[in-house]
Amino acid sequence: MNKLKKKFRLSSSQVIIGGFALMIFIGAVLLYMPFSTVEKGSAPFIDCLFTSASASCVTGLVVHDTATYWTAFGKTVILLLIQIGGMGVVTMAVLVTMMAGKKISLSQRSVLQDSISAHQLGGIVKAARDIVLTSLGIELAGAVLLYPSFAKEFGYFDGIIYAIWHSISAFCNAGFDLMGVKEQYSSLTAFTGNPTVNITIMLLIVIGGIGFLTWNDIKLYKFKFRKYKLQSKLALCTTRALILGGFAYFYIFEYSQRKFGDLTTGEKIWGALFQSITTRTAGFNTTDLTKLSEAGQLITIILMLIGGTSGSTAGGMKTTTFAVLIITCIAVFRKKDDVTAFNRRISSDTVRTASTIFTMYILLFVLSGIAISISEGLPLLTCLFETASAIGTVGLTLGITPSLHFFSKCVIIMLMYFGRVGALTIIYATLKNSDNLYRYPEEKVTVG
(Lines give C-alpha, C1' and ligand atoms only; values in the text may rest on other atoms or scores of the structure.)
Protein backbone atom coordinates (compact mmCIF):
# COMPACT_ATOMS: atom_id res chain seq x y z
CA MET A 1 0.00 0.00 0.00
CA ASN A 2 2.83 2.39 0.91
CA LYS A 3 4.57 1.55 -2.36
CA LEU A 4 1.35 2.32 -4.25
CA LYS A 5 1.02 5.70 -2.51
CA LYS A 6 4.65 6.50 -3.25
CA LYS A 7 4.19 5.56 -6.88
CA PHE A 8 1.23 7.90 -7.36
CA ARG A 9 2.53 10.76 -5.20
CA LEU A 10 2.35 13.95 -7.20
CA SER A 11 5.26 16.36 -7.41
CA SER A 12 4.85 20.09 -6.68
CA SER A 13 4.88 20.86 -10.39
CA GLN A 14 2.16 18.29 -11.10
CA VAL A 15 -0.05 19.66 -8.32
CA ILE A 16 0.32 23.23 -9.63
CA ILE A 17 -0.46 22.46 -13.27
CA GLY A 18 -3.23 20.06 -12.24
CA GLY A 19 -4.78 22.66 -9.96
CA PHE A 20 -4.89 25.29 -12.68
CA ALA A 21 -6.22 22.79 -15.26
CA LEU A 22 -8.99 21.69 -12.88
CA MET A 23 -9.94 25.29 -12.10
CA ILE A 24 -10.12 26.15 -15.81
CA PHE A 25 -12.34 23.13 -16.51
CA ILE A 26 -14.70 23.84 -13.59
CA GLY A 27 -14.92 27.48 -14.65
CA ALA A 28 -15.72 26.46 -18.23
CA VAL A 29 -18.50 24.13 -17.06
CA LEU A 30 -20.04 26.88 -14.91
CA LEU A 31 -19.88 29.38 -17.78
CA TYR A 32 -21.48 26.76 -20.05
CA MET A 33 -24.64 26.80 -17.94
CA PRO A 34 -27.59 28.46 -19.77
CA PHE A 35 -28.01 31.02 -16.98
CA SER A 36 -24.42 32.26 -17.45
CA THR A 37 -25.18 34.10 -20.70
CA VAL A 38 -27.60 36.94 -21.43
CA GLU A 39 -28.80 35.31 -24.64
CA LYS A 40 -30.93 32.17 -24.45
CA GLY A 41 -29.02 28.90 -24.53
CA SER A 42 -25.44 28.14 -23.65
CA ALA A 43 -22.35 29.71 -25.12
CA PRO A 44 -20.18 27.44 -27.30
CA PHE A 45 -18.05 25.33 -24.95
CA ILE A 46 -14.81 26.40 -26.64
CA ASP A 47 -15.73 30.03 -25.83
CA CYS A 48 -16.46 29.08 -22.23
CA LEU A 49 -13.14 27.24 -22.03
CA PHE A 50 -11.35 30.22 -23.58
CA THR A 51 -12.93 32.68 -21.14
CA SER A 52 -12.26 30.45 -18.14
CA ALA A 53 -8.62 29.98 -19.17
CA SER A 54 -8.21 33.71 -19.73
CA ALA A 55 -9.67 34.53 -16.29
CA SER A 56 -7.85 31.74 -14.41
CA CYS A 57 -4.55 32.66 -16.06
CA VAL A 58 -5.29 36.37 -15.41
CA THR A 59 -4.84 37.21 -19.09
CA GLY A 60 -7.84 39.27 -20.18
CA LEU A 61 -8.27 38.14 -23.79
CA VAL A 62 -11.99 37.72 -24.49
CA VAL A 63 -14.06 36.31 -27.34
CA HIS A 64 -17.22 38.02 -26.04
CA ASP A 65 -17.62 41.38 -24.36
CA THR A 66 -17.66 40.63 -20.62
CA ALA A 67 -20.20 43.29 -19.63
CA THR A 68 -22.87 42.55 -22.24
CA TYR A 69 -22.51 38.82 -22.96
CA TRP A 70 -22.40 37.26 -19.48
CA THR A 71 -25.08 37.44 -16.79
CA ALA A 72 -24.43 38.44 -13.17
CA PHE A 73 -23.73 34.76 -12.42
CA GLY A 74 -21.28 34.49 -15.33
CA LYS A 75 -19.50 37.67 -14.26
CA THR A 76 -19.25 36.37 -10.69
CA VAL A 77 -17.65 33.14 -11.93
CA ILE A 78 -15.15 35.13 -14.00
CA LEU A 79 -14.27 37.40 -11.06
CA LEU A 80 -13.71 34.42 -8.74
CA LEU A 81 -11.47 32.78 -11.34
CA ILE A 82 -9.47 36.01 -11.60
CA GLN A 83 -9.09 36.25 -7.82
CA ILE A 84 -8.05 32.62 -7.35
CA GLY A 85 -5.83 32.62 -10.44
CA GLY A 86 -4.11 35.84 -9.37
CA MET A 87 -3.22 34.62 -5.89
CA GLY A 88 -2.56 31.09 -7.05
CA VAL A 89 -4.69 27.98 -6.77
CA VAL A 90 -2.38 26.42 -4.18
CA THR A 91 -2.30 29.57 -2.03
CA MET A 92 -6.09 29.74 -1.93
CA ALA A 93 -6.36 26.00 -1.25
CA VAL A 94 -4.00 26.26 1.73
CA LEU A 95 -6.00 29.23 3.07
CA VAL A 96 -9.23 27.21 2.89
CA THR A 97 -7.50 24.28 4.63
CA MET A 98 -6.31 26.60 7.41
CA MET A 99 -9.78 28.09 7.85
CA ALA A 100 -11.17 24.56 8.16
CA GLY A 101 -8.79 24.01 11.07
CA LYS A 102 -6.73 21.31 9.35
CA LYS A 103 -2.96 20.99 9.58
CA ILE A 104 -0.77 21.70 6.56
CA SER A 105 1.47 18.73 5.76
CA LEU A 106 5.13 19.02 4.77
CA SER A 107 4.35 18.02 1.18
CA GLN A 108 1.65 20.71 1.00
CA ARG A 109 4.11 23.29 2.30
CA SER A 110 6.58 22.23 -0.39
CA VAL A 111 3.94 22.72 -3.09
CA LEU A 112 3.06 26.11 -1.64
CA GLN A 113 6.73 27.11 -1.67
CA ASP A 114 6.96 26.35 -5.38
CA SER A 115 3.67 28.08 -6.18
CA ILE A 116 4.75 31.44 -4.72
CA SER A 117 8.44 31.06 -5.69
CA ALA A 118 9.62 31.30 -2.06
CA HIS A 119 13.31 30.71 -1.29
CA GLN A 120 12.74 28.76 1.94
CA LEU A 121 10.18 26.40 3.45
CA GLY A 122 10.21 27.89 6.93
CA GLY A 123 7.25 30.18 7.64
CA ILE A 124 5.67 29.42 4.28
CA VAL A 125 2.12 29.01 5.64
CA LYS A 126 2.28 32.36 7.44
CA ALA A 127 3.65 33.91 4.25
CA ALA A 128 0.70 32.53 2.26
CA ARG A 129 -1.78 33.88 4.80
CA ASP A 130 -0.08 37.30 4.72
CA ILE A 131 -0.18 37.31 0.92
CA VAL A 132 -3.93 36.66 0.84
CA LEU A 133 -4.76 39.21 3.56
CA THR A 134 -2.48 41.87 2.06
CA SER A 135 -3.92 41.26 -1.40
CA LEU A 136 -7.48 41.68 -0.18
CA GLY A 137 -6.50 44.83 1.70
CA ILE A 138 -4.87 46.36 -1.38
CA GLU A 139 -7.86 45.47 -3.55
CA LEU A 140 -10.22 47.07 -1.02
CA ALA A 141 -8.12 50.24 -0.96
CA GLY A 142 -8.10 50.31 -4.77
CA ALA A 143 -11.88 49.95 -4.87
CA VAL A 144 -12.30 52.84 -2.43
CA LEU A 145 -10.10 55.08 -4.60
CA LEU A 146 -11.91 54.09 -7.81
CA TYR A 147 -15.41 54.45 -6.38
CA PRO A 148 -15.89 58.25 -6.75
CA SER A 149 -15.09 58.17 -10.49
CA PHE A 150 -17.22 55.09 -11.18
CA ALA A 151 -20.10 56.29 -8.97
CA LYS A 152 -20.18 59.52 -10.98
CA GLU A 153 -20.25 57.52 -14.21
CA PHE A 154 -22.52 54.57 -13.33
CA GLY A 155 -24.44 55.59 -10.18
CA TYR A 156 -23.86 55.07 -6.48
CA PHE A 157 -24.75 51.36 -6.29
CA ASP A 158 -23.33 50.20 -9.62
CA GLY A 159 -20.25 52.27 -8.84
CA ILE A 160 -19.45 49.88 -5.98
CA ILE A 161 -19.59 46.86 -8.31
CA TYR A 162 -17.45 48.56 -10.95
CA ALA A 163 -14.89 49.73 -8.36
CA ILE A 164 -14.51 46.27 -6.79
CA TRP A 165 -14.37 44.48 -10.16
CA HIS A 166 -11.72 46.74 -11.70
CA SER A 167 -9.64 46.86 -8.53
CA ILE A 168 -9.43 43.05 -8.39
CA SER A 169 -8.86 42.81 -12.13
CA ALA A 170 -6.05 45.40 -12.02
CA PHE A 171 -4.29 44.01 -8.95
CA CYS A 172 -4.42 40.48 -10.36
CA ASN A 173 -3.12 41.86 -13.68
CA ALA A 174 -6.14 40.34 -15.42
CA GLY A 175 -7.39 43.16 -17.64
CA PHE A 176 -11.06 42.10 -17.66
CA ASP A 177 -13.36 45.14 -17.71
CA LEU A 178 -17.07 45.97 -17.59
CA MET A 179 -16.93 49.01 -19.84
CA GLY A 180 -18.83 47.25 -22.64
CA VAL A 181 -21.99 48.94 -21.36
CA LYS A 182 -20.60 52.16 -22.87
CA GLU A 183 -18.97 50.60 -25.94
CA GLN A 184 -18.08 46.95 -26.51
CA TYR A 185 -14.40 46.03 -26.10
CA SER A 186 -13.63 49.65 -25.16
CA SER A 187 -11.64 48.84 -21.98
CA LEU A 188 -10.78 52.08 -20.09
CA THR A 189 -10.68 54.41 -23.12
CA ALA A 190 -13.44 56.54 -21.52
CA PHE A 191 -11.01 57.44 -18.70
CA THR A 192 -7.94 58.42 -20.73
CA GLY A 193 -7.52 61.75 -18.96
CA ASN A 194 -8.90 60.79 -15.54
CA PRO A 195 -5.97 61.07 -13.06
CA THR A 196 -7.68 59.11 -10.25
CA VAL A 197 -8.54 56.11 -12.41
CA ASN A 198 -5.17 56.16 -14.18
CA ILE A 199 -3.06 56.43 -11.02
CA THR A 200 -5.09 53.86 -9.06
CA ILE A 201 -5.14 51.26 -11.83
CA MET A 202 -1.42 51.75 -12.54
CA LEU A 203 -0.49 51.41 -8.85
CA LEU A 204 -2.58 48.24 -8.52
CA ILE A 205 -0.91 46.75 -11.61
CA VAL A 206 2.62 47.56 -10.39
CA ILE A 207 2.01 46.40 -6.80
CA GLY A 208 0.47 43.14 -7.98
CA GLY A 209 3.27 42.60 -10.48
CA ILE A 210 6.42 43.22 -8.39
CA GLY A 211 6.13 39.93 -6.53
CA PHE A 212 5.19 38.73 -3.07
CA LEU A 213 8.83 38.36 -1.99
CA THR A 214 9.49 41.99 -2.89
CA TRP A 215 6.52 42.99 -0.74
CA ASN A 216 8.16 41.23 2.19
CA ASP A 217 11.47 43.08 1.72
CA ILE A 218 9.66 46.42 1.50
CA LYS A 219 7.69 45.54 4.64
CA LEU A 220 10.80 44.52 6.59
CA TYR A 221 13.34 47.11 5.43
CA LYS A 222 11.17 50.00 4.17
CA PHE A 223 13.46 52.32 2.16
CA LYS A 224 16.73 50.56 3.12
CA PHE A 225 17.30 49.24 -0.41
CA ARG A 226 20.74 47.79 0.42
CA LYS A 227 19.16 45.23 2.75
CA TYR A 228 16.79 43.87 0.10
CA LYS A 229 17.36 40.41 -1.35
CA LEU A 230 19.01 40.31 -4.76
CA GLN A 231 15.75 39.18 -6.39
CA SER A 232 13.90 42.23 -5.02
CA LYS A 233 16.68 44.56 -6.16
CA LEU A 234 16.64 43.15 -9.68
CA ALA A 235 12.83 43.17 -9.82
CA LEU A 236 12.49 46.79 -8.69
CA CYS A 237 15.34 48.15 -10.84
CA THR A 238 14.17 46.31 -13.95
CA THR A 239 10.54 47.35 -13.38
CA ARG A 240 11.56 51.00 -13.01
CA ALA A 241 13.74 50.89 -16.13
CA LEU A 242 11.00 49.26 -18.24
CA ILE A 243 8.32 51.69 -17.06
CA LEU A 244 10.44 54.80 -17.68
CA GLY A 245 11.85 53.46 -20.96
CA GLY A 246 8.42 52.46 -22.22
CA PHE A 247 6.92 55.80 -21.21
CA ALA A 248 9.65 57.74 -23.01
CA TYR A 249 9.19 55.72 -26.19
CA PHE A 250 5.39 55.85 -26.29
CA TYR A 251 5.22 59.57 -25.51
CA ILE A 252 7.97 60.71 -27.91
CA PHE A 253 7.45 58.35 -30.85
CA GLU A 254 3.78 57.32 -30.65
CA TYR A 255 1.55 59.83 -28.88
CA SER A 256 3.27 62.82 -30.49
CA GLN A 257 2.06 61.63 -33.92
CA ARG A 258 -0.99 63.08 -35.73
CA LYS A 259 -3.05 59.92 -35.30
CA PHE A 260 -3.26 60.75 -31.58
CA GLY A 261 -4.04 64.39 -32.32
CA ASP A 262 -7.47 64.11 -30.72
CA LEU A 263 -5.81 63.76 -27.29
CA THR A 264 -4.76 66.70 -25.12
CA THR A 265 -1.18 66.95 -23.84
CA GLY A 266 -2.28 65.65 -20.45
CA GLU A 267 -4.09 62.71 -22.01
CA LYS A 268 -1.00 61.88 -24.06
CA ILE A 269 1.15 61.82 -20.91
CA TRP A 270 -1.34 59.64 -19.04
CA GLY A 271 -1.77 57.43 -22.11
CA ALA A 272 1.97 56.89 -22.59
CA LEU A 273 2.57 56.08 -18.91
CA PHE A 274 -0.46 53.80 -18.72
CA GLN A 275 0.57 51.99 -21.90
CA SER A 276 4.08 51.41 -20.55
CA ILE A 277 2.71 49.86 -17.34
CA THR A 278 -0.32 47.92 -18.60
CA THR A 279 1.68 46.33 -21.42
CA ARG A 280 3.58 44.23 -18.91
CA THR A 281 0.69 41.80 -18.20
CA ALA A 282 -2.30 43.93 -17.12
CA GLY A 283 -4.33 44.07 -20.35
CA PHE A 284 -6.25 47.33 -19.86
CA ASN A 285 -5.90 50.11 -22.40
CA THR A 286 -6.91 53.76 -22.30
CA THR A 287 -6.20 54.52 -25.97
CA ASP A 288 -6.79 52.80 -29.32
CA LEU A 289 -3.96 50.27 -29.78
CA THR A 290 -4.63 49.91 -33.51
CA LYS A 291 -3.20 53.43 -33.93
CA LEU A 292 0.24 52.27 -32.79
CA SER A 293 2.90 52.08 -35.50
CA GLU A 294 4.50 48.72 -36.32
CA ALA A 295 7.50 49.80 -34.23
CA GLY A 296 5.13 50.59 -31.36
CA GLN A 297 3.48 47.20 -31.70
CA LEU A 298 6.90 45.51 -31.62
CA ILE A 299 7.94 47.42 -28.48
CA THR A 300 4.62 46.40 -26.92
CA ILE A 301 5.30 42.75 -27.83
CA ILE A 302 8.74 42.88 -26.15
CA LEU A 303 7.28 44.39 -22.97
CA MET A 304 4.47 41.82 -22.94
CA LEU A 305 6.95 38.95 -23.21
CA ILE A 306 9.04 40.28 -20.30
CA GLY A 307 6.00 40.65 -18.03
CA GLY A 308 6.10 41.05 -14.25
CA THR A 309 8.12 39.48 -11.45
CA SER A 310 8.36 35.87 -10.26
CA GLY A 311 5.94 34.98 -7.47
CA SER A 312 3.47 37.71 -8.39
CA THR A 313 0.05 38.02 -10.02
CA ALA A 314 1.76 38.87 -13.31
CA GLY A 315 2.87 36.61 -16.15
CA GLY A 316 5.56 36.77 -18.83
CA MET A 317 9.09 35.39 -18.73
CA LYS A 318 9.58 37.72 -15.71
CA THR A 319 11.68 40.81 -15.01
CA THR A 320 14.28 38.82 -13.07
CA THR A 321 14.77 36.46 -16.02
CA PHE A 322 15.28 39.44 -18.33
CA ALA A 323 17.66 41.07 -15.82
CA VAL A 324 19.77 37.91 -15.47
CA LEU A 325 20.08 37.63 -19.28
CA ILE A 326 21.19 41.27 -19.61
CA ILE A 327 23.68 40.92 -16.74
CA THR A 328 25.03 37.72 -18.30
CA CYS A 329 25.56 39.52 -21.62
CA ILE A 330 27.45 42.29 -19.83
CA ALA A 331 29.63 39.70 -18.07
CA VAL A 332 30.43 38.07 -21.43
CA PHE A 333 31.24 41.45 -23.02
CA ARG A 334 33.65 42.18 -20.19
CA LYS A 335 35.08 38.64 -20.32
CA LYS A 336 34.22 38.02 -16.67
CA ASP A 337 34.05 34.48 -15.32
CA ASP A 338 31.25 35.27 -12.89
CA VAL A 339 27.85 36.86 -13.47
CA THR A 340 27.41 39.44 -10.70
CA ALA A 341 24.96 42.11 -9.59
CA PHE A 342 24.88 44.32 -6.47
CA ASN A 343 28.06 42.61 -5.20
CA ARG A 344 26.47 39.18 -5.41
CA ARG A 345 27.33 36.28 -7.73
CA ILE A 346 24.47 34.72 -9.69
CA SER A 347 24.72 30.93 -9.92
CA SER A 348 25.28 29.17 -13.23
CA ASP A 349 22.05 27.21 -12.62
CA THR A 350 20.10 30.48 -12.54
CA VAL A 351 21.74 31.64 -15.77
CA ARG A 352 20.93 28.32 -17.49
CA THR A 353 17.32 28.45 -16.28
CA ALA A 354 16.91 32.04 -17.49
CA SER A 355 18.32 31.12 -20.90
CA THR A 356 16.01 28.12 -21.15
CA ILE A 357 12.91 30.13 -20.20
CA PHE A 358 13.81 32.83 -22.74
CA THR A 359 14.30 30.25 -25.51
CA MET A 360 11.03 28.48 -24.72
CA TYR A 361 9.02 31.71 -24.64
CA ILE A 362 10.45 32.92 -27.95
CA LEU A 363 9.84 29.58 -29.68
CA LEU A 364 6.27 29.22 -28.41
CA PHE A 365 5.44 32.85 -29.18
CA VAL A 366 6.86 32.79 -32.72
CA LEU A 367 5.67 29.33 -33.79
CA SER A 368 2.16 29.96 -32.44
CA GLY A 369 2.04 33.33 -34.20
CA ILE A 370 3.02 31.71 -37.50
CA ALA A 371 0.41 28.95 -37.01
CA ILE A 372 -2.39 31.46 -36.34
CA SER A 373 -1.29 33.67 -39.23
CA ILE A 374 -1.46 30.74 -41.64
CA SER A 375 -4.72 29.45 -40.20
CA GLU A 376 -6.55 32.80 -40.09
CA GLY A 377 -4.91 34.48 -43.10
CA LEU A 378 -3.94 37.50 -40.96
CA PRO A 379 -0.76 39.65 -40.96
CA LEU A 380 2.05 37.96 -39.02
CA LEU A 381 2.77 40.98 -36.76
CA THR A 382 -0.89 41.12 -35.70
CA CYS A 383 -0.81 37.42 -34.82
CA LEU A 384 2.51 37.75 -32.99
CA PHE A 385 0.93 40.56 -30.96
CA GLU A 386 -1.87 38.16 -29.99
CA THR A 387 0.43 35.26 -29.07
CA ALA A 388 2.75 37.53 -27.06
CA SER A 389 -0.31 38.82 -25.20
CA ALA A 390 -1.45 35.26 -24.51
CA ILE A 391 1.84 33.72 -23.33
CA GLY A 392 2.64 36.88 -21.38
CA THR A 393 -0.88 36.66 -19.84
CA VAL A 394 -1.40 40.31 -20.76
CA GLY A 395 -4.75 40.54 -22.52
CA LEU A 396 -4.03 43.33 -25.00
CA THR A 397 -5.26 42.72 -28.53
CA LEU A 398 -5.46 44.47 -31.88
CA GLY A 399 -9.07 43.32 -32.16
CA ILE A 400 -8.74 39.85 -33.70
CA THR A 401 -9.62 37.72 -30.62
CA PRO A 402 -13.44 37.58 -31.10
CA SER A 403 -13.10 36.47 -34.73
CA LEU A 404 -10.60 33.63 -34.16
CA HIS A 405 -11.62 30.13 -35.22
CA PHE A 406 -11.47 26.90 -33.20
CA PHE A 407 -7.82 26.02 -33.93
CA SER A 408 -6.53 29.50 -33.09
CA LYS A 409 -8.59 29.63 -29.89
CA CYS A 410 -7.01 26.32 -28.81
CA VAL A 411 -3.53 27.73 -29.49
CA ILE A 412 -4.27 30.85 -27.44
CA ILE A 413 -5.69 28.75 -24.57
CA MET A 414 -2.52 26.66 -24.55
CA LEU A 415 -0.33 29.76 -24.51
CA MET A 416 -2.28 31.37 -21.66
CA TYR A 417 -1.98 28.17 -19.64
CA PHE A 418 1.75 27.85 -20.33
CA GLY A 419 2.29 31.51 -19.53
CA ARG A 420 0.56 31.32 -16.15
CA VAL A 421 1.85 28.03 -14.72
CA GLY A 422 5.22 28.35 -16.42
CA ALA A 423 6.57 26.26 -19.26
CA LEU A 424 9.35 24.87 -17.05
CA THR A 425 6.77 23.79 -14.45
CA ILE A 426 4.97 21.79 -17.13
CA ILE A 427 8.21 20.17 -18.29
CA TYR A 428 9.25 19.32 -14.71
CA ALA A 429 5.81 17.76 -14.19
CA THR A 430 5.97 15.56 -17.28
CA LEU A 431 9.64 14.53 -17.42
CA LYS A 432 11.47 12.45 -14.84
CA ASN A 433 14.59 13.77 -13.17
CA SER A 434 17.75 12.16 -14.46
CA ASP A 435 20.38 11.12 -11.95
CA ASN A 436 23.80 12.51 -12.93
CA LEU A 437 25.88 9.52 -11.88
CA TYR A 438 28.68 10.41 -14.30
CA ARG A 439 29.97 13.30 -16.40
CA TYR A 440 31.30 13.29 -19.95
CA PRO A 441 34.64 14.87 -20.90
CA GLU A 442 34.39 18.60 -21.61
CA GLU A 443 35.09 20.02 -25.07
CA LYS A 444 34.87 23.63 -26.25
CA VAL A 445 32.49 24.71 -29.00
CA THR A 446 32.88 28.01 -30.84
CA VAL A 447 29.69 30.08 -30.78
CA GLY A 448 28.86 33.52 -32.18
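The values are calculated or read from the model by the stated rules, or taken from the named source; none is laboratory data. What you see is a predicted model; the values in this text were computed from it and never measured. Every residue, glycine among them, receives a Cβ derived from its backbone with ideal geometry; neighbour counts consider all protein chains shown. Surface accessibility is based on the protein's heavy atoms, side chains included, excluding ligands, DNA and RNA. Shrake-Rupley method; radii C 1.70, N 1.55, O 1.52, S 1.80 Å.
If ligands, DNA and RNA are left out, what is the accessible area of Val411 with a 1.4 Å probe, given in Å² to the nearest 10?
20
222 nm [θ] for the chain, helices only, -39500 (n - 2.57) per DSSP H run of 4+, per residue, to 500?
Theoretical 222 nm ellipticity from helices: -20500 deg cm²/dmol.
Whenever you get a sec, compute what percent of the accessible area on the chain sits on carbon and sulfur atoms (1.4 Å probe). Don't skip to the end; give the middle numbers.
Values: 14240 of 22400 Å².
The value for the chain is 64 percent carbon and sulfur by accessible area.
Around Trp70, which amide H atoms from residues at least 5 apart in sequence, or from another chain, sit under 5 Å from its own amide H, with H modelled in the peptide plane?
When sequence neighbours closer than 5 places are left aside, the close amide H contacts are Val38.
Express the accessible area of segment 245-396 per residue in Å², computed with a 1.4 Å probe while the remaining protein chains stay in the model. Walk me through the numbers on the way to the answer.
On the way: 6550 Å² over 152 residues.
Value returned for segment 245-396: 43 Å² of accessible area per residue.
Using a 10 Å cut-off on Cβ atoms, rank the peptides 28-37, 382-391 from the highest mean neighbour count down. Provide the component values of the computation, followed by the final result.
Details: 28-37: 18.0, 382-391: 27.1.
By packing density, highest mean first, the sequence is 382-391, 28-37.
Give me, ordered by chain and number, the residues 5 or more places off Thr393 or on other chains with an amide H under 5 Å from its own placed amide H.
Gly316
Just name one of Tyr185, Ile302, Trp70: the one whose Cα is farthest towards the positive end of the charge dipole of the chain (beta-carbon charges, Lys/Arg +1, Asp/Glu -1).
Ile302
Going by accessible area, probe 1.4 Å, with all protein chains left in place, what is the ranking of Glu153, Glu376, Glu442, largest first? Provide the component values of the computation, followed by the final result.
Details: Glu153 85, Glu376 35, Glu442 170 Å².
Correct descending sequence by accessible area is Glu442, Glu153, Glu376.
Kindly write out, for segment 34-42 in residue order, the coupling ³J(HN,Hα) from the Karplus curve 6.51 cos²θ - 1.76 cosθ + 1.60 (θ = phi - 60°), rounded to whole Hz, with x marking Gly and Pro.
For segment 34-42, the Karplus-derived couplings read x, 7, 8, 10, 5, 6, 5, x, 8 Hz, x marking Gly and Pro.
With +1 on the Cβ of every Lys and Arg and -1 on the Cβ of every Asp and Glu, and nothing else charged, how large is the dipole of the chain about its Cα centre, in debye rounded to the nearest 20? Walk me through the numbers on the way to the answer.
On the way: 39 positive and 24 negative charges, 433 e Å.
For this selection, approximately 2080 debye.
Sorting Met416, Met360 by accessible area (1.4 Å probe), largest first, what list results?
Working: Met416 0, Met360 40 Å².
Most to least solvent-accessible, the answer reads Met360, Met416.
Let me check something: with ligands and nucleic acids excluded, how do Tyr221, Tyr185 order by accessible area (1.4 Å probe), largest to smallest?
Numbers: Tyr221 70, Tyr185 105 Å².
Final ranking, largest accessible area leading: Tyr185, Tyr221.
Could you tell me which residue out of Ser232, Phe274, Gly246 lies farthest along the dipole of segment 217-291 toward its positive end? Charges go on the beta carbon: Lys and Arg +1, Asp and Glu -1, centred on the Cα centre.
Ser232
Could you derive backbone 3J(HN,Hα) for segment 73-86 from the dihedral phi with the Karplus parameters 6.51, -1.76 and 1.60 (θ = phi - 60°), listing whole Hz in sequence and x where the residue is Gly or Pro?
Each residue of segment 73-86 in turn: 5, x, 5, 5, 4, 4, 5, 5, 4, 4, 4, 5, x, x Hz.
Quick one: what are the phi-derived ³J(HN,Hα) couplings along segment 212-228, Karplus 6.51/-1.76/1.60 with θ = phi - 60°, whole Hz, x for glycine and proline?
These are the phi-based 3J(HN,Hα) values: 5, 5, 5, 3, 4, 5, 5, 5, 6, 10, 6, 9, 7, 4, 4, 8, 5 Hz.
Would you please put 224-234, 302-312, 199-209 in order of how densely packed they are, using the mean number of other Cβ atoms within 10 angstrom per residue and starting with the highest?
302-312, 199-209, 224-234
Roughly what % of Cα-Cα distances in segment 159-292 sit above 18 Å, to the whole percent? Provide the component values of the computation, followed by the final result.
On the way: 5088 of 8911 pairs.
When every Cα pair of segment 159-292 is considered, 57 percent fall beyond 18 Å.
In nm, what is the difference between 0.36 nm times the number of residues separating Lys40 and Asp349 and their Cα-Cα distance?
Values: separation 309, 0.36 × 309 = 111.24 nm, distance 5.45 nm.
Full extension from Lys40 to Asp349 adds 105.8 nm.
Sequence-distant or interchain residues sharing an amide H contact under 5 Å with Ile346, placed H: which?
Correct list: Val339, Thr340, Ala341.
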